[in-house]
Amino acid sequence: MNKILIILLTFTLSGCSMMPRLTSAKPEFPGPFVDEKTQQMPKCEDLKQVPADVNSMSEVFKIIVENYTTYWRCSNQVDGWAEWYEQQKKNYDSK
Amino acid sequence: MWLLNFLPNFVIHLIFIAGVLGTIAGFVLGFIPLISRYKLPIQVISLVLLSAGLWFEGGLANEARYAAEHERLKAEIAIKEAKAKELNTQLSRVSAERDAAITTRGQTITQTIDRYIKGDPVEIVKTVNLSEEERKKLQAQIEELQKAERECKIPSLLIQQVNEAATRPPKVQP
């Protein structure tokens, strides 16, 4: 009788360990920065090259200025990803 | 607990109640002649029923607790998702504004270079809001720039090096 009682008690207590699994949602990377057409993260543009036959100083400097602009646009994009991550982390970690 | 999905709740309560009553009958009311005759089967069956009943009752309580927790988390996630969407829209707008500002700034600088190179220094300084002294200084700077533009040759080695710096570096394979 005691063995039966022990088996039944073990069976009964095992019910306490039955827990349904809960999962939480996570934000889809990379948020607003994904390219709508390709559905991929856009890459930074290549920098412009100065043509070998350039004959004026201003043309060279204009290309340099354009390259700086390209850099700052890329920087804005990367900073945006970091900002997006921080914001989403803060949002999903908050109680 | 998949079994709980098949058994209606009242069946679980009935099993539990039957188990309790059977256990009382089997262990406490053994002096009654009718019960004493079947004492052992009543004890065994009622203990099995009581155990199963307790197990299912515990499961039901757990299910209810987790269903409530599930609902609470679902509501919390919905709020977070809405907030995430709002943040995405906001960041998307801010980033687009920043991008437009950067592009405009680059274009303005290029146009300014063009204006300084091609324009008349005297006419240019008339259009800017500066003091007399600052205008003279700017005029001298524009004249210096135009002279450099006319006279300076761009060394090809310099172009090569600038282009080298502007070339995307090769990817390092992991």
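Just so you know, all these numbers are worked out from the coordinates, no wet-lab data involved. Source: prediction; values computed, not measured. In this analysis, Cβ positions are derived from the backbone assuming ideal geometry, glycine residues included, and neighbour counts consider all displayed protein chains.
Odds and ends about this structure:
- Convex hull of the protein assembly as shown built on C-alpha atoms - directionally averaged projected area, nm²: 27.7
- Pairs of lysines in region B:61-174 (C-alpha under 29 Å apart; 8 or more residues apart or interchain): 14
- Peptide A:55-64, shielding by other chains (average Cβ, 10 Å cutoff): 6
- Cα extents of region B:44-144 along the three principal axes, largest first (Å): 112, 23, 17
- Per residue of the protein assembly as shown, the DSSP helices (runs of n ≥ 4 H) give a summed -39500 (n - 2.57) that works out to -25500 deg cm²/dmol at 222 nm.
- For chain B, the longest principal axis of the C-alpha atoms and the axis of helix B:39-118 are separated by about 10°.
- Rg and Dmax of region B:105-174, Cα atoms only, in Å: 18.0, 61
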